[in-house]
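The values are calculated or read from the model by the stated rules, or taken from the named source; none is laboratory data. Please read all numbers here as calculations on a predicted model, not as lab measurements. Heads up, the Cβs are rebuilt from the backbone with ideal geometry, glycines too, and the neighbour counts pull from every protein chain shown.
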Amino acid sequence: MSHASRRAALRGLLRTADVEALLVTDLVNVRYLTGFTGSQASLLLHVDGDAASRFCTDGRYDTQSAEEVGDLERMIDRGGALALATSADDLGVTRLGFESDVVTVDQHEALVDAAGDTVLLHRTPGLVGRLRLVKDETEIAALRAACAVADSALADLIAAGGLRSGRSERDVSYDLETRMRARGAEGPSFPTIVAAGPHSAVPHHRPTDSSMRRGDLVKIDFGALVDGYHSDMTRTVVLGRAAGWQRDLHALVAAAQEVGRARLTPGAQVVDVDAAAREVVAGAGYGDEFVHGLGHGVGLQIHEPPLLGPTGTGALQVGMVVTVEPGVYLPGRGGVRIEDTLIVRNGVPEVLTRSPRELLEIG
């Protein structure tokens with residue numbers, strides 16, 4: 001799907017919202033609609049078509065925007081969104097939607113002043129986000145590539161002996177990120193989590209210089225960024241022979257994850273998907289140790305709607321890309337999380353992260 005096709009789809013939502021144009025100021029949404037990858041830009045999307053729409057960035061991105069956004073009229077103006085709001089009257093706009101879930105109170109006041117008395121601003125939160133919920137084939141191709149890079153990097157790390165006693169969490173994190181970059185990633189999706197021993201019981205532990213030891217559970221949560229799209233995967237291994245409690249804990253989380261994956265069907269309520277996996281953990285007596293949601297959407301951002309959790313809303317749709325990542329964390333001992341990135345399909349969900357899920361005993 002082209003960026004022009006996405007803009008055309010959004011215009012249907014503008015008509016429903018009863019606005020003549022939408023001022024897009026969220027930079028991720030601007031990229032989704034135009035392909036622009038710079039750090040400053042806004043878009044005024046007119047309901048009458050691209051000819052009446054305007055893209056605005058500053059002089060730093062004149063050449064880049066000409067290459068990336070060649071199908072829209074461009075404004076080079078440091079005023080950005082304010083310049084677009086000022087131009088709305090000239091474009092025949094009297095009802096201008098804005099991303100009220102993004103714009104601050106102070107920014108709104110400035111936009112009202114810039115738009116003037118003839119243009120009324122209307123709150124239109126989440127319109128672009130509604131389109132981004134379901135990924136098109138261009139997005140899925142990028143997500144599939146990002147997951148493949150992460151899979152390959154982890155396999156290479158293990159084969160090269162990168163997970164071994166005496167090595168620090170920080171070294172492993174850096175090593176894995178370097179291997180992803182060597183395979184074409186722009187960088188990691190987020191700071192790579194490597195958590196060994198008791199640290200594995202901290203869901204978002206930051207790697208330290210502490211050394212991994214034989215007998216440690218090692219939790220690795222990481223992803224690759226490819227063409228602006230993120231992958232997300234967690235695997236938990238043991239250095240050396242696994243103890244009985246480690247095997248049992250890993251088996252429990254694996255069972256919960258299997259249930260969660262199986263519930264990724266079109267029409268399923270996200271809270272029900274979470275509840276099904278959570279019930280497996282609670283039934284084993286560890287409900288209080290599963291301290292986060294089951295998963296989340298993935299795309300141009302590492303955390304996107306929908307949220308698969310007790311506070312999530314809505315139902316799954318074909319083409320949504322989500323994670324399933326139950327975890328159980330025992331303070332002072334260790335924790336296990338198993339996470340995959342999947343596409344909701346009409347039949348069995350498609351798993352994009354292919355690294356082995358079974359408990360690996362390394363070294």
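Of the residues making up the stretch 181-193, just one is in contact with a Ser or Thr (Cβ under 7 Å, 6 or more places away or on another chain) and among the β-branched types (Val, Ile, Thr), namely Thr192. In the stretch 281-293, the residues that are over 13 Å from Ala201 (Cα atoms) reach residues that are basic (Lys, Arg) and in a helix (DSSP H, G or I) with C-beta atoms within less than 8 angstrom, at least six apart or across chains, in these pairs: Gly287/Arg278.
Could you pull out every one of the strands (runs of 3 or more DSSP E) wholly within the stretch 275-349 that has 2 or more residues that are of a type in the set (A, V, I, L, M, F, W, C)?
Numbers: elements: 295-297, 304-308, 321-324, 327-330, 334-337, 340-343.
Because the criterion is at least 2 residues that are of a type in the set (A, V, I, L, M, F, W, C), the strands (runs of 3 or more DSSP E) in the stretch 275-349 that meet it are 304-308, 321-324, 327-330, 340-343.
Filter the stretch 194-217 down to the residues that are within 24 Å of the chain's Cα centre (by Cα) and closer than 14 Å to Gly334 by Cβ and list them by number.
At the first step, the residues of the stretch 194-217 found to be within 24 Å of the chain's Cα centre (by Cα) are 194-195, 200-207.
The answer is Val194, Ala195, Ser200, Ala201, Val202, Pro203, His205.
Total residues in the stretch 90-122 satisfying the condition of being in contact with a helix residue (DSSP H, G or I) (Cβ under 6 Å, 6 or more places away or on another chain), crowded, with 20+ Cβ neighbours inside 10 Å and assigned to a loop (DSSP other than H, G, I, E, B): the figure is 1. Taking the criterion of being of a type outside the set (Ser, Thr, Tyr), crowded, with 18+ Cβ neighbours inside 10 Å, in a helix (DSSP H, G or I) and in contact with a strand residue (DSSP E or B) (Cβ under 9 Å, 6 or more places away or on another chain), the only residue of the stretch 65-81 that qualifies is Ala81.
Give the residue, chosen from Ala148, Ala201, Ala196, that is touching a Ser or Thr at 6+ places or on another chain (Cβ under 9 Å), of a type in the set (Gly, Ala, Ser) and surrounded by fewer than 24 Cβ atoms within 10 Å (Cβ to Cβ). Spell out the reasoning first.
Details: Ala201 fails: touching a Ser or Thr at 6+ places or on another chain (Cβ under 9 Å); Ala196 fails: surrounded by fewer than 24 Cβ atoms within 10 Å (Cβ to Cβ).
So the residue among Ala148, Ala201, Ala196 that is touching a Ser or Thr at 6+ places or on another chain (Cβ under 9 Å), of a type in the set (Gly, Ala, Ser) and surrounded by fewer than 24 Cβ atoms within 10 Å (Cβ to Cβ) is Ala148.
Take the stretch 245-273 and flag every residue that is closer than 13 Å to Gly327 by Cβ and either without any contact (Cβ under 8 Å) to a residue 24 or more places away in the chain or crowded, with 22+ Cβ neighbours inside 10 Å (or both). Within the stretch 245-273, Leu249, His250, Val253, Ala256, Gln257, Gly260 qualify.
Please verify whether Ala52 is over 27 Å from Pro305 (Cβ atoms) and either crowded, with 16+ Cβ neighbours inside 10 Å or modelled with pLDDT of 95 or more (or both), treating the condition exactly as stated. It would help to see each step written out before you state the result.
Details: over 27 Å from Pro305 (Cβ atoms): yes; either crowded, with 16+ Cβ neighbours inside 10 Å or modelled with pLDDT of 95 or more (or both): yes.
Judged against the criteria, Ala52 is a match.
Filtering Gly347, Gly283, Gly297, Gly293 for residues that are assigned by TED's automatic domain parsing to the domain that holds Ser189, in contact with a helix residue (DSSP H, G or I) (Cβ under 7 Å, 6 or more places away or on another chain) and not hydroxyl-bearing (Ser, Thr, Tyr) leaves a single hit, Gly293.
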